[in-house]
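What follows draws every value from the coordinates through simple rules; no lab data is involved. Keep in mind that this is a model prediction, so the values were computed, not measured. Because the Cβ atoms are built from the backbone with ideal geometry, glycine has one as well, and the counts that use them run over all protein chains shown.
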Amino acid sequence: MQNSVASPSRNISIPTPAEPAGKGRELMKSYNIAVIGGDGTGPEVVREAVKVLDAAAKKFSLKLNYIQYDLGGERYLRTNEALPDSVVSELRKFPAILLGAIGHPEVKPGILEKGILLRLRFELEQYINLRPVKLYDERFCPLKDKGPGDIDFVVVRENNEGLYTGSGGFVFKGTPHEIAVQESINTRRGVERCLRFAFEFTRKRNREKKLTLCGKTNVLTYAFDLWERAFHEIGQQDFPDVKRDYAHVDATAMWFVKNPEWFDVIVTDNMFGDIITDLGAMVQGGMGIAAGGNINPDGTSMFEPIGGSAPKYTGQGVINPLAAICAGQMTLDFLGETAAAAAIETAVIKITREKIKSLAAGKMGYTTSQVGDLVAAAV
Ligand code: IPM
Ligand code: MN
């Protein structure tokens, strides 16, 4: 992988819908994808995702153009800058970004998370964080008597508001009287666009057509009052075909373990979504398989394995690339290449069922790149 920030002069265009690939050949669709390997094991897993994307591209006659961006802890330590404005402007020109991981042991917690990941989520208005929770093989589920038929739901996490906006501050910091305030911001517009996305998504998914609002209406009587009113108003008016359900966040955590089969699509705020999707990831087999998409339906979306940079495994070839590969699948799905995306998922299911011993790092029975090879061959 090339390791430089693409120069602003590089002429990046929104994907050309169709471009002639030669006489007598089919028209080839072409997409530009920005690739941020990031920190730790990020670059290793993204390399395998690209390998699998290329296999799918070949099979489905797509042209995928990758432009590598060097962002992350190393770059920050070198330049003292987490994310230059010019890079944000460049990234805006892509329909999709594939991200490995952000987080470096030598950089103070918060700098890279806020400076890169959250900044991109916010500035690119990726107001949805879409996190599927799907169990591919019974062997990987920590829950007793639950199988792939029981664990197949999607969390729609609001991604631009709530406790994540940075609203608040200190008074009398460092004194015995110190006060720390961290506010949850919930705008009608932000909540509504998230809910509408979730309703549309539930309708399109077409399973039980059930959308569960996950909140805390018994305590957070302002924030979730707004959420709950908007949920029922929008549902009643525009999505009468979608069943509406409600669960408190603590009960949701309980049911993820006890009755995960109750869920179809869950919509929730930023903080609750963060927490319940880590639980969701464990239920589906762990961080080795969990992927998510930061979605701006009208702009640049960013797909990532949801586990961290796992610095202790860096460079050893033991980390599981399946989550990154699934992020690649979500990228194609988002770009509208649903058949190619489905082919990746089928290959991932086949390989996890037939080959992989464990989804945990170092226990797969294969190296990182062998898993990539297996999935690419299966595609
Ligand atoms: C996630 C992560 C991030 C979050 C951190 C790294 C800022 O935990 O993507 O879930 O809290 O959203
Ligand atoms: Mn998280």
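Here the label points at Glu123 and Lys204, each 7 Å from Cα along the C-beta direction, are separated by 2.7 nm in the simple model.
Of the two radii for the stretch 135-295, the radius of gyration is 1.02 times the Kirkwood radius, both from the alpha carbons; that is the Rg over Rh value.
May I ask you to order 27-38, 57-68 by the average number of other C-beta atoms within 10 Å around their residues, highest value first? The partial results should precede the final answer.
Details: 27-38: 21.5, 57-68: 16.8.
Packing order, densest peptide first, comes out as 27-38, 57-68.
A Cβ-based charge dipole, computed about the Cα centre of the chain with Lys and Arg at +1 and Asp and Glu at -1, lands at about 800 debye. Through the Karplus equation 6.51 cos²θ - 1.76 cosθ + 1.60, θ set to phi - 60°, convert the phi angles of the stretch 256-267 into ³J(HN,Hα) values in whole Hz; use x for Gly and Pro. Result, rounded to whole Hz: 4, 8, 7, 9, x, 5, 6, 9, 10, 10, 10, 10.
Taking amide H atoms as placed 1.01 Å from N in the peptide plane, the amide H of Ala291 lies under 5 Å from those of Ile306, each 5 or more residues away in sequence or on another chain. Using just its DSSP H runs of length 4 or more, each adding -39500 (n - 2.57), the chain gives a mean residue ellipticity at 222 nm of -11000 deg cm²/dmol after division by all residues. In this label model, Lys144 and Glu233 are separated by 4.6 nm, measuring between points 7 Å along each Cα→Cβ vector.
Out of all DSSP beta bridges with both ends in the stretch 135-295, state the antiparallel percent to the nearest 5. Show your work: numbers first, answer last.
On the way: 5 of 19 bridges.
Around 25 percent antiparallel, to the nearest 5.
Ordering Pro142, Val267, Ile234 by the projection of their Cα atoms onto the charge dipole of the chain, which places +1 on the Cβ of Lys and Arg and -1 on the Cβ of Asp and Glu, puts Pro142 at the extreme positive end. Assuming charge only on the beta carbon of Lys and Arg (+1) and of Asp and Glu (-1), the dipole of the stretch 311-374 about its Cα centre is about 400 debye to the nearest 20.
Just list whichever of Lys144/Lys243; Lys134/Lys204; Lys146/Lys357; Lys108/Lys173 have alpha carbons separated by over 22 Å in the model shown.
In this structure, Lys144/Lys243 exceed 22 Å between Cα atoms.
Set the Förster radius R0 to 41 Å, insert the Cβ-Cβ distance between Ala377 and Asn259 as r into 1/(1 + (r/R0)^6), and round the FRET efficiency to 0.05. The partial results should precede the final answer.
Working: r = 37 Å, r/R0 = 0.91.
It comes out at approximately 0.65.
If only the Cβ of Lys and Arg carry +1 and only the Cβ of Asp and Glu carry -1, the dipole of the stretch 26-100 around its Cα centre is close to 380 debye.
Within the stretch 343-379, which trypsin sites (Lys or Arg not before Pro) sit in a loop by DSSP and count at most 15 neighbouring Cβ atoms inside 10 Å? Kindly include the intermediate steps, with their values, before the conclusion.
Numbers: sites: Lys350, Arg353, Lys355, Lys357, Lys363; in loops: Lys355, Lys357, Lys363.
Sites meeting the loop and neighbour criteria: Lys355, Lys357, Lys363.
Work through the residues other than Glu200 whose Cβ is under 12 Å from its Cβ and net out their charges, Lys, Arg +1 and Asp, Glu -1.
Values: positive: Arg193, Arg196, Arg203, Lys204, Arg205, Lys209; negative: Asp238, Asp241.
Summing Lys/Arg as +1 and Asp/Glu as -1 gives +4.
Our summary gives the stretch 135-295 a relative contact order of 34 percent, counting only alpha carbon pairs under 8 angstrom and 6 or more residues apart. For the chain, the residue among Phe201, Thr221, Pro321 whose Cα projects farthest onto the positive side of the dipole built from Cβ charges is Pro321. Shown in residue order for the stretch 333-350 are the 3J(HN,Hα) couplings computed by the Karplus curve 6.51 cos²θ - 1.76 cosθ + 1.60 at θ = phi - 60°: 4, 4, 6, x, 8, 5, 5, 5, 5, 4, 5, 5, 4, 4, 5, 4, 4, 4 Hz (x for Gly and Pro).
What number in nm² do you get for the chain if you take the convex hull of its Cα atoms and divide its surface by four? Walk me through the numbers before you get to the answer.
Details: hull surface 83.4 nm².
Its average projected convex-hull area is 20.9 nm².
Rounded to the nearest whole Hz, the Karplus-based 3J(HN,Hα) values (6.51 cos²θ - 1.76 cosθ + 1.60, θ = phi - 60°) of the stretch 136-150 follow the sequence 8, 8, 3, 4, 9, 8, x, 8, 5, 6, 10, x, x, x, 9, with x at glycine and proline.
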